[in-house]
Amino acid sequence: MRISVVGCGYLGAVHAASMAELGHEVVGVDVDERKVAALGEARAPFYEPGFEDLLARTLATGRLRFSTEIAAAAGSQVHFVCVGTPQKRGEYAADLRYVEAAAESLLGVIESGELVVGKSTVPVGTAARLADLVGEKVPGAMLVWNPEFLREGFAVQDTLHPDRLVYGLPDGPDRATAERVLDEVYAPIVARQTPKVVTDYATAEMVKTAANSFLATKISFINAMAELCEATGADVKQLADAIGYDDRIGRKFLNAGLGFGGGCLPKDIRAFMARAGELGADQALTFLREVDNINMRRRIRMVELAREVCDGSLLGKHIAVLGAAFKPDSDDIRDSPALNVAAQLQLQGAVVTVTDPAAIENSRRLWPQLDYATTPEEAAERADAVLVLTEWRQYRELDPVAFGEVVASKRVLDGRNALDREAWTAAGWTYRALGRRAG
């Protein structure tokens, strides 16, 4: 099939290359000339394991190309909208300007019988409104909503081997046609008997935000338990292990620590609350406000813990921060808990040096006032305390004996409960972690 992908950021670029990998002829369209040029030369504008190889491979087949002109999308049978929906400045609601602009731009190139497929995370009600716009301007064209479920660090895998497909389809005679076209787009995935949910617009829109809200709630729940563990002397890691054996609960995402960040969970749960308020159903999601509050308190507590281990004052103390990305295997620093803590430490008088395997350049652009190092050893030289704030494999596998030779004081704060506490304490380190007793 001939496919266009409007918006070649993280979601769109991965989706475009993945659709070419499935055998389609794909054009990715974006207004950012530098991004389009980089993608056309098989240079990924962001860090994502496996993506650059996929990009080079699909470009070489001739099935994938990129353009800054929306006219390049003309003649495609399916048009994916993959633009961002950031949080509005000063509000909880999602900013839909980019989605609306993408839809408007497509009206000049789509024709009757073609399919516009929304993949962006949007407030419920958006698809119905855009469907009316498309149907009014281009009779016979159809709009469906097909939410994405990418995890940064696993985006290629999640696109080519998703755990489910969700189709939000219009009512009426076009419904069966729209489903048939999407099945053709995802033919190899459908053939593997991947679970498929065929539903209405509103349900499809809610799937992503509901899933992210549940995930955020689970993370904040165990972090609330960490607060209680600190008050009672209990151990949150052992608590999580014990309740995780219950298959109704499960152990995944019960890792207490610094909490969640990134470009999805924080803004998605806030947009969900905002939309519920607009619909007069705000009481249904008031619990998410406390989920958000718990998450933000973790950052404050980590700064307090750093001050505690530094003998009550951060002034003039050298602090090494291992990790800047909001999660490992990513260079995404949007709403990064690690960088937020690093900045707070510096504001309280600490001399902070940050390192990260992938996110240093992004961090330097956003936080130029911080110091940066390329290796953990360089960051930790003469450090009074070391904070592990992103659980990169490189940091989990550090040798505490050798690492202890570069610091001024063997004090480590495990912000992700990712280190082997026994190994670090055996090497002479004072070990602290959120929700756990000092070691």
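A short reminder: the numbers here are calculations on the coordinates, not readings from a lab. Worth saying up front: this structure is predicted, and the values here are computed from it rather than measured. Heads up, the Cβs are rebuilt from the backbone with ideal geometry, glycines too, and the neighbour counts pull from every protein chain shown.
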- Task: State whether region 1-108 is rounded, prolate or oblate according to the following rule on the C-alpha gyration tensor (a ≥ b ≥ c being the square roots of its eigenvalues): a/c under 1.5 gives rounded; otherwise a/b larger than b/c gives prolate, and the remaining case gives oblate.
- Result: oblate
- Name the residue farthest towards the positive end of the dipole of the chain from the options 113, 140, 295, assuming +1 on Cβ of Lys and Arg, -1 on Cβ of Asp and Glu, about the Cα centre. 295
- State to the nearest 20 debye the size of the charge dipole of region 234-433 about its Cα centre, where the only charges are +1 on K and R beta carbons and -1 on D and E beta carbons. 480 debye
- Note on the structure: With the charge dipole of the chain built from beta-carbon charges (+1 for Lys and Arg, -1 for Asp and Glu) about the Cα centre, the Cα from 357, 58, 310 projecting farthest to the positive end belongs to 310
- Item | Cα centre as origin, Lys/Arg/Asp/Glu Cβ charges: the chain dipole, Debye | 720 debye
- Please report the Cα spread of region 2-199 along all three principal axes, rounded to whole Å, starting with the longest. 43, 42, 33
- Message: With both bridge residues required to lie in region 320-439, what share of the DSSP beta bridges run antiparallel, to the nearest 5%?
- Response: 5 percent
- Inverting the mean 1/r over all pairs of different Cα atoms, compute the Kirkwood radius of the chain and quote it in Å. 23.3 Å
- At 0.890 mPa s and 25 °C, Stokes D of region 329-439 from Kirkwood alpha-carbon radius, µm² per second: 172 µm²/s
- Largest-first semi-axes in Å of the equivalent ellipsoid built from the Cα gyration tensor of region 385-439 are 15, 13, 10
- Only Lys, Arg (+1) and Asp, Glu (-1) charged, at Cβ; region 237-285 dipole about Cα centre in debye: 160 debye
- Query: Which of 236, 190, 213 sits farthest toward the positive end of the charge dipole of region 168-253, with +1 on the Cβ of Lys and Arg and -1 on the Cβ of Asp and Glu?
  - Reply: 190
- Going by how many other Cβ atoms sit within 10 Å of their own, how do 292, 371, 241, 171 line up, fewest first? 171, 241, 371, 292
- What fraction, in whole percent, of alpha-carbon pairs in region 303-388 exceed 17 Å separation? 39 percent
- Query: Where in region 190-219 are there trypsin sites (Lys or Arg not before Pro) that are in a DSSP coil and have at most 11 other Cβ atoms within 10 angstrom of their Cβ?
  - Reply: 192
- Query: Considering only the chain, what is the antiparallel percent among its DSSP beta bridges, to the nearest 5?
  - Reply: 5 percent
- Query: Using a Cα distance threshold of under 14 Å, what count of lysine pairs results for the chain when pairs must be 8 or more residues apart or interchain?
  - Reply: 6
- Message: For the chain, what does the helix formula give at 222 nm: sum of -39500 (n - 2.57) over DSSP H segments with n ≥ 4, over the residue count, nearest 500 deg cm²/dmol?
- Response: -13000 deg cm²/dmol
- Can you give the convex hull volume per residue for the Cα atoms of region 178-285, as a whole number of Å³? 159 Å³
- Note on the structure: Here the Kirkwood hydrodynamic radius of region 234-433, Cα-based and in Å, equals 17.7 Å
